[in-house]
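Working notes, beginning with the structure itself.
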Amino acid sequence: MSSGWVKLHREILDSKLWSCSDATFRVAIYLLMSANHEARWVRRIQIERGQTVRSLTQIAADCKVSRKAARVAVRVLVQDEFITADEPFGAHHGTRVTVCKYETYQLNESDRGTPRAHQGNNQGNNQGNNQGNTNKNEKNKENEKNSLEKAAGGKYRVSFEKFRNTHHACRNVELEAFAEVCRSFPGADVEACIADFKINNSGGEITSPVALFKGYLLNSESKTTRTVGRTGTGHKAWERDDN
């Protein structure tokens with residue numbers, strides 16, 4: 001009973017309790033300090049947070065007042081709605097006292113602060129959650145983009161880098177466009193074709209290196225088909241099936 005502590009809310013200054021007699025005020029603070037900070041069972045009845053079980057004799061002894069003064073104090077506190085009192089165990093087994101505004105007087109640590117502070121905390125939490133959701137969405141989009149890129153052209157990434165280095169006009173080619181061309185020729189040895197592929201820009205600006213490479217693959221495929229038909233062997237760029 002002598003260990004621990006309780007909070008004394010400033011709201012008490014504006015309540016009827018502040019103008020009551022010394023004995024009543026002492027009993028009120030005693031009941032506030034005696035109330036459970038968490039629920040527990042007493043004689044098969046659960047005594048909730050903010051409640052306590054006390055007899056008039058015990059209240060009088062602990063508050064160092066007469067039993068009559070204790071009885072009057074309890075009656076006044078009930079009338080002023082500071083507490084409620086009932087006898088779930090019978091008249092001779094103590095009174096269950098409930099401090100009406102216990103949650104106001106004894107806020108949890110997680111609820112600490114004024115309404116303005118709560119509002120600020122809520123706004124801060126909402127902003128933090130929104131920022132977290134935004135970052136999460138951006139990360140998900142990036143992961144989705146990487147997954148799509150990997151699924152679409154990951155197989156040809158090494159070949160793609162070699163292709164981009166064949167000519168300065170190939171530097172702006174996108175992986176997906178290159179991969180799409182390569183998928184159109186599943187029997188081609190792409191790296192061998194890249195090694196043989198040459199761009200002749202004597203005719204002016206090169207607008208589509210990928211289209212030129214596709215034409216080269218198509219031409220090589222045609223040559224291979226003719227060669228296989230005559231000799232049973234194919235062009236070196238078509239000797240490996242990537243699938």
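The values are calculated or read from the model by the stated rules, or taken from the named source; none is laboratory data. Everything numeric in this text was worked out from a predicted model, so none of it was measured. Every residue, glycine among them, receives a Cβ derived from its backbone with ideal geometry; neighbour counts consider all protein chains shown.
Can you pull out every residue in segment 89-105 that is within 17 Å of Ala60 (Cβ to Cβ), of a type outside the set (S, T, N, Q) and surrounded by 15 or more Cβ atoms within 10 Å (Cβ to Cβ)?
Selection gives Gly94, Val97.
Exactly one of these conditions fails for Gly153: (1) modelled with pLDDT of 90 or more; (2) touching a Phe, Trp or Tyr at 6+ places or on another chain (Cβ under 7 Å); (3) over 14 Å from Leu31 (Cα atoms); (4) not hydroxyl-bearing (Ser, Thr, Tyr). Give me its number.
(1)
Identify, please: which residue in segment 73-88 is aliphatic (A, V, I, L, M) and assigned to a strand (DSSP E or B) and is, among those, surrounded by the most Cβ atoms within 10 Å (Cβ to Cβ)? Give the steps one after another, and end with the answer.
As a first pass, look at segment 73-88 and keep what is aliphatic (A, V, I, L, M): 73-74, 76-78, 83, 85.
Next, only the ones that are assigned to a strand (DSSP E or B) stay: 83, 85.
Details: Ile83: 26, Ala85: 14.
Here the answer is Ile83.
Out of segment 186-199, which residues are touching a Leu at 6+ places or on another chain (Cβ under 7 Å), closer than 15 Å to Ala211 by Cβ and at pLDDT below 80? Can you show your working first?
From segment 186-199, those touching a Leu at 6+ places or on another chain (Cβ under 7 Å) are 188, 193, 199; that's our starting set.
In the following step, the residues that additionally are closer than 15 Å to Ala211 by Cβ were identified as 193, 199.
Result: Ile199, single match.
Might you let me know whether segment 37-44 holds any residue that is surrounded by 15 or more Cβ atoms within 10 Å (Cβ to Cβ) and within 20 Å of Thr84 (Cβ to Cβ)? First the steps, then the outcome.
Going residue by residue through segment 37-44, those that are surrounded by 15 or more Cβ atoms within 10 Å (Cβ to Cβ) are 42.
Subset that is within 20 Å of Thr84 (Cβ to Cβ): 42.
Yes, segment 37-44 contains at least one residue that is surrounded by 15 or more Cβ atoms within 10 Å (Cβ to Cβ) and within 20 Å of Thr84 (Cβ to Cβ).
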